[in-house]
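Read through the structure below, which is laid out as structure tokens, and then see the notes.
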Amino acid sequence: MKTKALFPVLFLAALAAGCSHCPLCGGEWGAAARARLAAEEAARAPRPRAVSGTVSCPDRVTVLPTYRVRVKLVDLRTGETIVAKEEGFSGFPWMFRLDFDAKDLRGGGPHGLVAEVLSGDDVLYRTDTQYRLPESDSAASVDLVVTRSR
């Protein structure tokens, strides 16, 4: 009987003394709550993402040294470019990788990819199909097809 009555007193004394361990299990006070908060914060933090794939063209194209390919990540509602990568290329299929932060995808709306083949400022070929950005957080792969611009 004396032990049962003494337990709350010892418990409160350990708590008041600044003991950092639970007298019942020996674990750290609040460890589970801190771990849960850390996991929630990590889930909210921006994560780097990437999308890769190829740009191809069904037409036979003679590639000139002035040609370059631009792949853009765009907001499909507004057409606003979020991230773009532009490079010269030597022919089709052309491989690309576009890195971005998930925080760049503002608005939560639909996002997609657009590919263009340019010579100077002229767009010669462009995707004419809507290629939506895959929803997964891991690296995604998309094969883009460009057709002659009108």
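The values are calculated or read from the model by the stated rules, or taken from the named source; none is laboratory data. This one's a predicted model, so the numbers in the text were calculated from it and none came from an experiment. Methodologically, a virtual Cβ is constructed for each residue, glycine included, from the backbone with ideal geometry; neighbour enumeration extends over all protein chains shown. Areas reflect the complete protein model, heavy atoms only, side chains present, ligands, DNA and RNA absent. Shrake-Rupley method; radii C 1.70, N 1.55, O 1.52, S 1.80 Å.
Residues checked against (1) of a type outside the set (Gly, Ala, Ser); (2) open to solvent by less than 30 Å² (accessible area, probe 1.4 Å):
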| position | (1), (2) |
| --- | --- |
| Ala50 | no, yes |
| Val61 | yes, no |
| Leu76 | yes, no |
| Gly79 | no, no |
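Here's the yes/no breakdown for (1) surrounded by 17 or more Cβ atoms within 10 Å (Cβ to Cβ); (2) among the hydrophobic types (A, V, I, L, M, F, W, C); (3) part of a strand (DSSP E or B):
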position	(1), (2), (3)
Glu86	no, no, yes
Gly91	no, no, no
Leu98	yes, yes, yes
Val117	yes, yes, yes
Tyr125	yes, no, yes
Task: Boolean, Phe92 is out of contact with any Phe, Trp or Tyr (no Cβ under 9 Å at 6 or more places or on another chain), within 25 Å of Pro48 (Cβ to Cβ) and of a type in the set (A, V, I, L, M, F, W, C) - done: no
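Regarding the stretch 131-138, can at least one residue be identified that is in a strand (DSSP E or B) and among the hydrophobic types (A, V, I, L, M, F, W, C)? Break it down stepwise before answering.
Let us first name the residues in the stretch 131-138 that are in a strand (DSSP E or B), namely 131-132.
Subsequent filtering for residues that are among the hydrophobic types (A, V, I, L, M, F, W, C) retains none.
There is no residue in the stretch 131-138 that is in a strand (DSSP E or B) and among the hydrophobic types (A, V, I, L, M, F, W, C).
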